[in-house]
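What follows is a short report on a single structure.
Here, each number is a calculation from the coordinates, and none is a lab measurement. Note that the structure is a prediction, hence the values are computed from the model and not measured. When we count neighbours, we look across all protein chains shown, and the Cβ atoms used for this are built from the backbone with ideal geometry, even at glycine.
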Amino acid sequence: MENQTANGFHLPSDACQFPARNADGLAVPELPPEQRYAFDTHGWFLVPEVFSGGELKEMHEFAARLHHRPESIPESERGPLGGPLQKLIDHPLVVSLLNEFMAHPAVTSSECYGFSVESTSLFYRTPGMGSFGPHNGNGLLRFPGDVHYYNAFPGKGHSPHTRIVWELTEVKKGQGGTLLVTGSHKSVYTAPADIQNPVSDIWSTYGCPAGSLLFFTEALTHSATTWTNTDNDRIAIFNLYSPVDSGFAKLYRPHPELLAAMPPLRQTLFRDRYVVGNVNGASV
Amino acid sequence: MWIPRCGRRACSLRLAHSLHRSLILFTESMTIASGGANADGAGRVCVSNLYNTVASRWSNWVPHPRLVAAMPPKRQTLFREPYAGGNVINGDFEQRTSAYRAEI
C-alpha cells in the first residue's frame with residue numbers, strides 16, 4: 001500500500017469511500033470549489049431555489065399541516081422527518097457539503113454517513129415572531145468538548161457542528177431571515193457592542209425564493225431576528241448535524257417506526273454516539 | 001484527507017492503577033503499546049481507566065445500570081450521556097459557548 005512506510009502508515013490517511021449516492025439513490029455531486037471556498041471563508045452560503053413547483057408545494061403543505069393540524073398526521077410521521085420532508089435530511093447537496101466539511105473517514109463508508117443528525121425542527125414564524133440573540137463565533141479558539149468549533153488546516157476546513165436551513169417560503173432580505181456575522185467562525189476577537197444591534201452592518205443576511213437552502217457553520221456568530229414580512233409566513237426546516245461521537249444536545253431519535261422504515265443508509269444518521277467501530281460496511 | 005479531531009483524543013486520558021500501589025497517567029494521543037511479562041514471571045495486574053470529554057465518546061461502553069444507580073450521585077456524573085449543552089448538575093452552563101449574552 002502506497003501509504004505505508006517502513007514503520008507504519010502515514011497520517012493522515014485518506015483511505016475512505018464516501019457515499020456516492022444518498023439514501024434515495026441520488027448521486028452526490030462534488031462540492032463546487034466556489035461553495036467550498038465560500039463556506040470556509042464566510043462560514044455560510046445560500047443555494048437559491050433548490051426546489052420549486054409541485055415538489056415544493058407538497059413540502060410546504062406538509063409543513064403547514066404539521067404546524068396547524070399535527071393530529072392529522074400519523075404519529076410516526078409527525079415531525080420534520082415526516083412525509084415529503086424526510087428527503088431533505090440527506091439531500092445530495094447536503095451530503096456533498098457534509099462529506100467535505102464534517103465526515104470523518106474512519107467512520108464513513110459507501111453505506112454509512114460520516115456524520116449524524118443532532119436535531120431537526122420546523123420554524124413557523126408569523127410577523128412579530130423571532131427573537132434577536134447573537135450567539136457563537138470564535139470557532140478556532142474553542143476547547144475540546146465545546147462542539148461550536150471550526151478547524152482550519154492547509155487545504156481543509158472542518159465544521160463539526162453544521163446548520164442547514166431549508167426555506168420553504170420566500171425570505172425578503174432584511175425581513176426576518178437568519179442573521180450571520182460573515183467570517184466570525186475564524187475571528188479571534190469578540191465583536192464590538194454593535195453586535196447587539198440587529199440592523200448593524202456587522203450582520204449579513206439574505207433574501208431568497210422559496211425552496212432555497214442555507215448552509216452555515218454553528219461556529220459562526222448568528223442570530224434569529226423578528227419576522228416582519230407580512231406577505232408570507234416563514235416556514236423553514238432547521239436541520240443540525242454533528243460528528244458521530246459528540247454533540248451539543250442529547251442524542252436525537254426519530255420515532256422508532258419512522259426510523260425502521262428509513263433506507264439503511266439514512267438510518268446511519270441516527271446511530272449511537274461513539275467512535276470505535278461505529279461504521280457499517282468498513283473495517284476500522 | 002484525514003481530519004484531525006482537534007484535541008478530542010488528546011482529552012482521552014488513561015489511568016492505570018497497579019496493585020503494587022503505583023499510578024501511571026498518560027494521554028491516549030501518545031504512541032503506546034502493552035509491554036511483556038515481568039522478568040520474574042509475575043503477571044501484570046492493573047486497573048486501566050479511560051476518560052473522555054463530557055460531550056464525546058470513543059467507545060460505547062457503560063457500566064451496568066444497577067451499578068451506576070448504586071453509586072453516589074457525584075460518581076454517577078462520570079457516566080452521563082455524551083452531549084455538551086447544559087450537561088452539568090448545579091452548574092452554570094448558560095452562555096458557556098458564546099461570548100454574547102443572549103437567549104440561544
field: Among the residues listed as B:S98, B:S56, the single one being in contact with a strand residue (DSSP E or B) (Cβ under 7 Å, 6 or more places away or on another chain), within 11 Å of chain A (Cβ to nearest Cβ) and in contact (Cβ under 8 Å) with a residue 40 or more places away in the chain
entry: B:S56
message: I'd like the residue in the stretch A:229-249 that is buried (at least 20 other Cβ atoms within 10 Å of the Cβ) and small (G, A, S) and, out of all such residues, is nearest to A:T162 (Cα to Cα).
response: A:S242
message: Quick check on my filter: what residues within the stretch A:27-59 are more than 30 Å from A:Q17 (Cα to Cα) and either surrounded by 18 or more Cβ atoms within 10 Å (Cβ to Cβ) or free of Cβ contacts under 8 Å to residues at least 24 places away in the same chain (or both)?
response: A:G53, A:G54, A:L56, A:K57, A:M59
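Could you tell me how many of the residues in the stretch A:242-284 are away from chain B (no Cβ under 14 Å) and touching a strand residue (DSSP E or B) at 6+ places or on another chain (Cβ under 8 Å)? I'd like the intermediate steps shown before the answer.
Looking only at the stretch A:242-284, we keep the residues that are away from chain B (no Cβ under 14 Å), and these are A:254-270, A:280-283.
Restricting the remaining residues to those that are touching a strand residue (DSSP E or B) at 6+ places or on another chain (Cβ under 8 Å) gives A:265, A:268-270, A:280-282.
Residues flagged as away from chain B (no Cβ under 14 Å) and touching a strand residue (DSSP E or B) at 6+ places or on another chain (Cβ under 8 Å) within the stretch A:242-284 amount to 7.
Do we have A:E218 as under 30 Å from A:G54 (Cα atoms), within 15 Å of the chain's Cα centre (by Cα) and surrounded by 21 or more Cβ atoms within 10 Å (Cβ to Cβ) here?
Numbers: under 30 Å from A:G54 (Cα atoms): no; within 15 Å of the chain's Cα centre (by Cα): yes; surrounded by 21 or more Cβ atoms within 10 Å (Cβ to Cβ): yes.
Taking the combined requirement at face value, the residue does not satisfy it.
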field: Qualifying positions in the stretch A:229-250 - among the acidic types (D, E) and more than 19 Å from A:Q267 (Cβ to Cβ)
entry: A:D231, A:D233
- prompt: Can we say A:Y252 is of a type outside the set (K, R) and surrounded by fewer than 23 Cβ atoms within 10 Å (Cβ to Cβ)?
  reply: yes
task: Could you look through the stretch A:138-168, keep only residues that are under 30 Å from A:S52 (Cα atoms) and touching a helix residue (DSSP H, G or I) at 6+ places or on another chain (Cβ under 7 Å), and pick out the one that is surrounded by the fewest Cβ atoms within 10 Å (Cβ to Cβ)?
output: A:I164
field: Number of positions in the stretch A:102-137 that are of a type in the set (D, E, K, R), surrounded by fewer than 23 Cβ atoms within 10 Å (Cβ to Cβ) and touching a strand residue (DSSP E or B) at 6+ places or on another chain (Cβ under 6 Å)
entry: 1
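Looking at this structure, is A:F238 touching a Ser or Thr at 6+ places or on another chain (Cβ under 8 Å) and either assigned to a loop (DSSP other than H, G, I, E, B) or among the acidic types (D, E) (or both)? Steps first, answer last, please.
Details: touching a Ser or Thr at 6+ places or on another chain (Cβ under 8 Å): yes; either assigned to a loop (DSSP other than H, G, I, E, B) or among the acidic types (D, E) (or both): no.
When the stated conditions are applied, A:F238 does not pass them.
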- prompt: Do you know which of the residues in the stretch A:130-181 that are under 21 Å from A:I202 (Cα atoms), more than 18 Å from the chain's Cα centre (by Cα) and not in a loop (DSSP other than H, G, I, E, B) is nearest to the other protein chains (Cβ to nearest Cβ)?
  reply: A:F132
